Amino acid sequence: MRKPTFNQRFQYWFDNYMSRGTIALIGGLAVLSLVIIFIAAAIIRVGSIAMDGESAPSFAEAAWMSLMRTLDAGTMGGDTGIGFRVVMLLVTLGGIFIVSTLIGILSNGLEERIEQLRKGRSLVLENEHTLILGWTPQIFTIISEIILANESRKAGAVIVILAEQDKVEMEDAIKERIADTKNTRIICRSGSPMDLNDLEIVSPHTARSIIVIAEGADPDTHIIKAVLAITNNPNRKSEPYHIVTQIRDDQNMEVIKLLSEKDVVQPILATDLIARVVAQTSRQTGLSIVYTELMNFGGDEIYFKHEPNLSGKTYGDALLAFETSTVLGIRKGGGSVLMNPPMDTRIESGDQIFAIAEDDDKIELSNLPRFPLDEGLILKSAKSSKPKPERGLILGWNRSGATIVRELDNYVPKGSDLTVVSDIPNLDKDIQEHVGKLNNQKLKVLHGDIRERALLDKLKVTEFDHVIVLAYNHLEIQEADAITLVTLLHLRDIAEKDETPFSIISEMLDLRNRELAEVAKVDDFVVSDHLISLMLAQLSENADLQGVFTDMFDPEGSEVYLKPIGDYVSIDQPVNFYTITEAAKRRGETAIGYRIMNQSHNAEKSYGVYTNPKKSEKINFSPEDKVIVLSEG
């Protein structure tokens, strides 16, 4: 075998050395500079070379003079003597080569470092930050809500994002959608949330909460892998992680429960939740606005408070005990949540109340010696009449449809009808398979394009009590929302020409399309990802809220209803919310606000929805206005 030559060996060594990077190259140049300087100093000293009229310098002095000429070519301008000039010229030429090469290396090294930083692969050293794993349009709502939630933190807050997106593109998108981040810093890193090495970049072990966003064609698998990468990490912390996420398929909830034995993993069953909200809201215009008000950080929020002075008193007593807060229920010492429990439920020493308030420190007892109730305005509970059968219409279809049909069956009176119209092939067979037997309503499935005005006229939409427009989730988001928008415009035009308007509830996949939909003058929207995003943000800030949200959307027990204000109090004169609260209390209900219907199309006034009003302020109501209550029916 032929042995490599010296030149080949040297070339091989040189190539390996050059490939070591910027630091190695700078070190090599430093060594070369020292060699040139010491050789020049030795020549000057041994040859006794000096400038004209001067004695030969010492070795140290000659080395210093060589160093100066290496760094600055202009230094040799004052040199004299042929021998000295020749040596210093050679030193200067070597210095020019070294300095120019050094500048090039530093420039390239700096560019490489900037490029690495742009790739988002540098380590994040933060504590008590909110970590978001994944990237979908949901992230903008989540970030906006967390910014509002942390606005009161004096030390500021940090949000760290890890996603398989370009770091610069993520930062630009956030700046475009969220102009003011207030006192919150946002840090983006590129990497896979399912990769253990990539996760280490964003310091998951020091985060106070972790939000895993569903993305991809199989979002549940993505989420399960990401949660596993955190909880089964060999470098995991001993304390429990607080992880909030969403699941599409209820069969995967059991898998998530297995992962939450050591940690606090809070999954939201997104499809089921949205279906319940759509079913409830379709029968009560304005309900989706109430849910949004309760779940966002823009106004008042839900807080827990231990109030020793309420110990031994009843839940009914607590309802009137706060002027600027609205009590929703009791959290028992064992952790169970009771929303709108019986009015005689005793509050024990270890219990907490949870209430809507501006901030947790604003939940203060009013300590009034006498509550300003207008007894003469409180109406007695009238015997409820037997509800009439309802006619419902669903336009469009998606994975939530079957659950919506089942949920509606729990609410509508016996003898009701429900019609489903969609252009999805063989939908009737799919519905029969997934819906099952219905007890209170008859189901009819028709095939057609929901955008066609002729079809809507043929259906006689005005004869239905409520219409639900579902977004096609097998299409692209913008295409699906475009179909929903066109359908809404037709429905609103039909409703405006009819003397008996029907309620309309629509589902938007992209929050930005809500502003476009407002042209249709529809005051109820269920923006799927938006509601889920609000809940994810709330749970990331307060894990205890899961019990509240579970109870709030559970068809069993108390739920949110909008009922005619005239059924509770006399409206021929102004009435305060103390009186309304007392009137609801006598019916076993918790009043949490009201809706002014002449503001139902005013987005700036939250479509007329007011939650947690000041109880002593008097309001002039109209017959069409509503009181918002927690009730069992």
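The values are calculated or read from the model by the stated rules, or taken from the named source; none is laboratory data. Quick caveat: nothing in here was measured; it's all calculated off a predicted structure. All Cβ positions, even for glycine, are placed from backbone atoms using ideal geometry, and neighbour counts span all protein chains on display.
For segment 71-94, the set of residues classified as modelled with pLDDT of 75 or more and within 60 Å of the chain's Cα centre (by Cα) consists of Gly94 only.
Would you call Lys225 outside the structural domain of Ile468 (by TED's automatic domain parsing), free of Cβ contacts under 8 Å to residues at least 24 places away in the same chain, surrounded by fewer than 18 Cβ atoms within 10 Å (Cβ to Cβ) and of a type in the set (Lys, Arg)? I'd like the intermediate steps shown before the answer.
Working: outside the structural domain of Ile468 (by TED's automatic domain parsing): yes; free of Cβ contacts under 8 Å to residues at least 24 places away in the same chain: no; surrounded by fewer than 18 Cβ atoms within 10 Å (Cβ to Cβ): yes; of a type in the set (Lys, Arg): yes.
Criteria not met by Lys225.
Scanning segment 214-244 for residues that are under 16 Å from Ser192 (Cβ atoms) and either outside any helix (DSSP H, G or I) or among the acidic types (Asp, Glu) (or both) gives Ala214, Glu215, Gly216, Ala217, Asp218, Asn232, Asn233. Of the residues making up segment 564-606, those that are among the basic types (Lys, Arg) and in contact with a Lys or Arg (Cβ under 8 Å, 6 or more places away or on another chain) number 1. When every residue of segment 155-167 is checked against the conditions, none turns out to be free of Cβ contacts under 8 Å to residues at least 60 places away in the same chain and more than 23 Å from Ser203 (Cα to Cα).
Residue check: is Leu162 touching a strand residue (DSSP E or B) at 6+ places or on another chain (Cβ under 9 Å), part of a helix (DSSP H, G or I) and either outside the structural domain of Arg236 (by TED's automatic domain parsing) or within 17 Å of Leu125 (Cβ to Cβ) (or both)? Spell out the reasoning first.
On the way: touching a strand residue (DSSP E or B) at 6+ places or on another chain (Cβ under 9 Å): yes; part of a helix (DSSP H, G or I): no; either outside the structural domain of Arg236 (by TED's automatic domain parsing) or within 17 Å of Leu125 (Cβ to Cβ) (or both): yes.
So Leu162 fails the test.
Do we have any residue at all in segment 354-368 that's closer than 30 Å to Leu446 by Cα and loosely packed, with under 13 Cβ neighbours inside 10 Å? There is no residue in segment 354-368 that is closer than 30 Å to Leu446 by Cα and loosely packed, with under 13 Cβ neighbours inside 10 Å. Residues that are closer than 25 Å to Asp360 by Cβ and among the acidic types (Asp, Glu) were ranked within segment 529-553; the one that is modelled with the lowest pLDDT is Asp551.
For segment 592-612, the set of residues classified as in contact (Cβ under 8 Å) with a residue 40 or more places away in the chain, crowded, with 21+ Cβ neighbours inside 10 Å and not polar (S, T, N, Q) consists of Ile592, Gly593, Arg595, Tyr607, Val609, listed by residue number.
Before we move on, is Leu338 modelled with pLDDT of 95 or more, outside any helix (DSSP H, G or I) and under 33 Å from the mean Cα position of the chain (by Cα)? Answer is no for this residue.
Going by the conditions given, is Ile274 within 18 Å of the chain's Cα centre (by Cα), within 20 Å of Asp554 (Cβ to Cβ) and surrounded by 23 or more Cβ atoms within 10 Å (Cβ to Cβ)? Yes.
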